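Read through the structure below, which is laid out as structure tokens, and then see the notes.
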Amino acid sequence: MLGDKIAKLGRILVIDDEPEITEIIKAYMSNAGYEVEVENQPQNGLGDAKNFKPNVIILDIQMPFMDGYEVCSQLRADPDTAETPVLFLTGKDAREDQGKAFGVGGDFYIKKPFSCQRLLQMVKTIMLTSNKPA
């Protein structure tokens, strides 16, 4: 029964270098009925996006070795992930950060600290309005 609920709600990939953040999001979203994968290494997140085929990607901006802007740019350049909605979840809040996030192909932007409830509402909205089937 739970497997049916997960399949119905969809898949979420979280790419953030802070394990505490990814585990909180995974627990909350899994509890809400989503199938969630997390990745703390941004370069590995690109492969995870292709293999896991998420309905939405939650992506941090400030990460070592490859920032979220670069990850999003590479996701958009790959036909397998080009249409997957990207929600930036970040501590950066300057207007130019939001502009750059949207400029590289991000679809949504939430500033840390964040409410899990608000994040869940955003994910639900994305799932309802996305062309990518759950």
Residues in segment 70-94 that are of a type in the set (Val, Ile, Thr), touching an Asp or Glu at 6+ places or on another chain (Cβ under 8 Å) and more than 13 Å from VAL104 (Cα to Cα) total 1
Where ALA27 falls short, out of the listed (1) of a type in the set (A, V, I, L, M, F, W, C); (2) without any contact (Cβ under 8 Å) to a residue 24 or more places away in the chain; (3) within 20 Å of PHE102 (Cβ to Cβ): (3)
In segment 39-86, which residue that is among the acidic types (Asp, Glu) and more than 17 Å from PRO19 (Cβ to Cβ) is surrounded by the most Cβ atoms within 10 Å (Cβ to Cβ)? ASP67
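Values in this text are rule-based calculations from the coordinates and carry no lab data. Note that the coordinates shown come from a computational prediction; the quantities given were computed from them, not determined experimentally. When we count neighbours, we look across all protein chains shown, and the Cβ atoms used for this are built from the backbone with ideal geometry, even at glycine.
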